[in-house]
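Shown next, in structure tokens, is the structure this report addresses.
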Amino acid sequence: MRIGELAERAGTTTRTLRYYESLGLLPPADRSGNGYRSYDEEHLRLLEQIRVLQDFGFGLEETRPFVDCLRAGHPAGDTCAASLEVYRRKLAELDAVVDRLQEVRAQVAAQLARAELAAGLGNAAEPMCELSVSERDSP
């Protein structure tokens, strides 16, 4: 298949394909007699692996071990030692983000509770305020 067809099937652009090829993530395409790049299903498979990982938040370089694993002949790109290590690192990063978000959530909840108590609301839904919405919005 030609580069435009591969890009369309993979949901990306020809520019992206050339970039991945320049980084070595995609093997160079064969060239037809007229000089056009010719790609096969293996190229599509590699692109799909890269796209899935990027959708999960993996950086482009983080996809390299998965691509290398596929290119080495493994049916899944995540069964090689290097791929497993990238998974472990990504999970550790995600755990740290989740922990930080839980801390921030607890702080926001505490601020809300404090503000509601200060406003004399307890758990009331509407704050007691002298200004109505229309008065706050007018100059």
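The table for this structure:
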{"read-out": "Per-selection Kirkwood Rh - the range 1-125 (Cα, Å, 1 d.p.)", "value": "17.6 Å"}
{"read-out": "Volume in Å³ per residue [convex hull over Cα atoms, computed for the range 27-82]", "value": "85 Å³"}
{"read-out": "Crossing angle, helix 81-118 versus the chain [Cα axis fit, 0-90 degrees, rounded to tens]", "value": "10 degrees"}
{"read-out": "³J(HN,Hα), Karplus 6.51/-1.76/1.60, whole Hz, each residue of the range 15-25, x for Gly, Pro", "value": "4, 4, 4, 5, 5, 4, 5, 5, 7, x, 6"}
{"read-out": "Percent carbon-and-sulfur accessible area, the chain, ignoring ligands, DNA and RNA, probe 1.4 Å", "value": "55 percent"}
{"read-out": "The chain - charge dipole about Cα centre, Lys and Arg +1 at Cβ, Asp and Glu -1, debye rounded to 20", "value": "520 debye"}
{"read-out": "Placed amide H near TYR39: partners under 5 Å, 5+ positions off or other chain", "value": "ARG2"}
{"read-out": "Integer Hz, Karplus 6.51/-1.76/1.60 couplings in order for the range 48-62, x for Gly and Pro", "value": "4, 4, 4, 5, 4, 5, 5, 4, 7, x, 7, x, 4, 5, 5"}
{"read-out": "Protection-proxy order for peptides 2-10, 42-50, each taking the mean of Cβ atoms within 10 Å per residue, highest first", "value": "42-50, 2-10"}
{"read-out": "Average accessible area per residue (Å²) across the chain - probe 1.4 Å, nucleic acids and ligands excluded", "value": "68 Å²"}
{"read-out": "Radius of gyration and maximum dimension Dmax of the range 1-57, Cα, Å", "value": "11.0, 39"}
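The values are calculated or read from the model by the stated rules, or taken from the named source; none is laboratory data. Since the structure is predicted, the reported quantities are computational estimates derived from the model, not experimental observations. All Cβ positions, glycine included, derive from the backbone under ideal geometry; neighbour counts span all protein chains shown. Note: areas computed on protein heavy atoms with side chains; ligands, DNA, RNA excluded. Shrake-Rupley method; radii C 1.70, N 1.55, O 1.52, S 1.80 Å.
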